1. Can you find a residue in the range 260-270 that is modelled with pLDDT of 95 or more and under 23 Å from the mean Cα position of the chain (by Cα)?
2. Any idea which residue in the range 1-45 is most open to solvent (accessible area, probe 1.4 Å), counting only those that are touching a helix residue (DSSP H, G or I) at 6+ places or on another chain (Cβ under 7 Å), over 20 Å from Val93 (Cα atoms) and without any contact (Cβ under 8 Å) to a residue 60 or more places away in the chain?
3. Can you tell me which residue is most open to solvent (accessible area, probe 1.4 Å) among those in the range 112-157 that are part of a helix (DSSP H, G or I) and among the polar types (S, T, N, Q)?
4. Counting only residues that are in a helix (DSSP H, G or I), open to solvent by 10 Å² or more (accessible area, probe 1.4 Å) and not polar (S, T, N, Q), which one in the range 249-264 is nearest to Ile288 (Cα to Cα)?
5. Within the bounds of the range 219-230, is there any residue that is over 18 Å from His20 (Cβ atoms) and open to solvent by less than 30 Å² (accessible area, probe 1.4 Å)?
6. Is it true that some residue in the range 88-97 is touching a strand residue (DSSP E or B) at 6+ places or on another chain (Cβ under 8 Å) and of a type outside the set (Asp, Glu)?
7. Inspect the range 205-227 for any residue being more than 21 Å from Ser183 (Cβ to Cβ), of a type in the set (Ser, Thr, Tyr), assigned to a loop (DSSP other than H, G, I, E, B) and away from the ligand (no atom under 11 Å from the Cβ) and give the result as yes or no.
8. Working only within the range 142-160, note down all residues that are under 16 Å from the mean Cα position of the chain (by Cα) and within 18 Å of Tyr186 (Cβ to Cβ).
Amino acid sequence: MSKVLVTGGCGFIGSHIVEHLLNTNQEVVVLDDLSTGSRSNLPTHENLNIIIGSVLDKEAVNEAVQGVDLILHMASYVGMKLVYKEPAQSYNVSKIGTENILKASGDTPILLFSTSAVYGLAATTDISEDNKISLERAQSYDGDVKSYSSGKWELEQLGHQAIAAGRKVMIIRPFNVIGERQSAAYGMVVPNFMKNCNTGIPLTIYDDGEQTRSFSCVKTFTKTIFKLLESDDAWVSPNNIINIGSHHIISINKLAHYIKTKMQASSPIEYIPYDTIFPNKKDVRHRIPDTKLLTKLVGEVNWPTVEEIIDGLLVHERATAQAR
Ligand code: UDP
């Protein structure tokens, strides 16, 4: 049995990662300040120790890293709404939080969760790993202030320094992960549209709705992470900066219509310019990963389509409602 630290383990993705670790009989330490995560995302389990604290708190970090064999570092601000409201904090949690974790944990192998947002605004449907992304490019996503994407860019630089010093580091760039337990509170499109359909309020599409994404199922994403962790090659430069995401592309217009039809909702669909909601910021027009490296490392990943993910979420929602 190994002991694994998951920072941000009470969050949406974190809780799926922790669940997998517990199911495979690992001992898990979670460090989470519950800023966006929730204690109720995780079970009570004899192999799980939850430390409520921030990655910015060195004492909490020191306590969390004691005796761990592996660190999965994903503590971060999430969602455009929160990130836009608190850019500096969003930047600091990634930059200073990652510094604190790396410094406190010696040479323990570490997986750093970056983001596909580091690719900036470049409108592309086949984004391949670029290990030399400039800060300017990452920051274009942030509206040219230091915020979420710049903070994750700093996380990557800290990762590169640790790699150069001989540490086992893997950096992953997730693409629009969705699924059970994703909160609607921070602006993500799928839980928002589903919540609005449930309550009959309008679905608000930003700009013309022809922007595209490839939404990635959190369960498939989690399985893929664990395959990567087991791959020796994935820890070796230059393989250790990896896009993780689906290839199924959908426009936000199609997504809204699919959810509305599936949920038989009366919610109208409305359009609003992106910069009315987020002044001085531009939306990413297309964000689809090139996953040749991922396929080389773990084989072809069988990503469900967004329609299949939404169908599954609706089944889960109904089962949960019936159980209450
Ligand atoms: N979006 C939208 N309406 C919403 C929330 C999001 O039209 O209520 C759009 C957003 O502009 C983006 C896409 O949906 O083009 C995905 O947004 P999300 O916040 O889920 O992830 P992002 O790709 O921005 O990281």
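The values are calculated or read from the model by the stated rules, or taken from the named source; none is laboratory data. These figures come from a predicted structure and were not determined experimentally. No Cβ is skipped: glycine too gets one built from the backbone with ideal geometry, and neighbour counts run over all protein chains shown. In case anyone asks, the SASA skips ligands and DNA or RNA and just uses the protein heavy atoms, side chains included. Shrake-Rupley method; radii C 1.70, N 1.55, O 1.52, S 1.80 Å.
1. no
2. Here the answer is His45.
3. Among those residues, the one meeting the criterion is Gln157.
4. Checking each candidate, the answer is Ile252.
5. no
6. Yes, that holds for at least one residue.
7. No.
8. Ser147, Tyr148, Ser149, Gly151, Lys152
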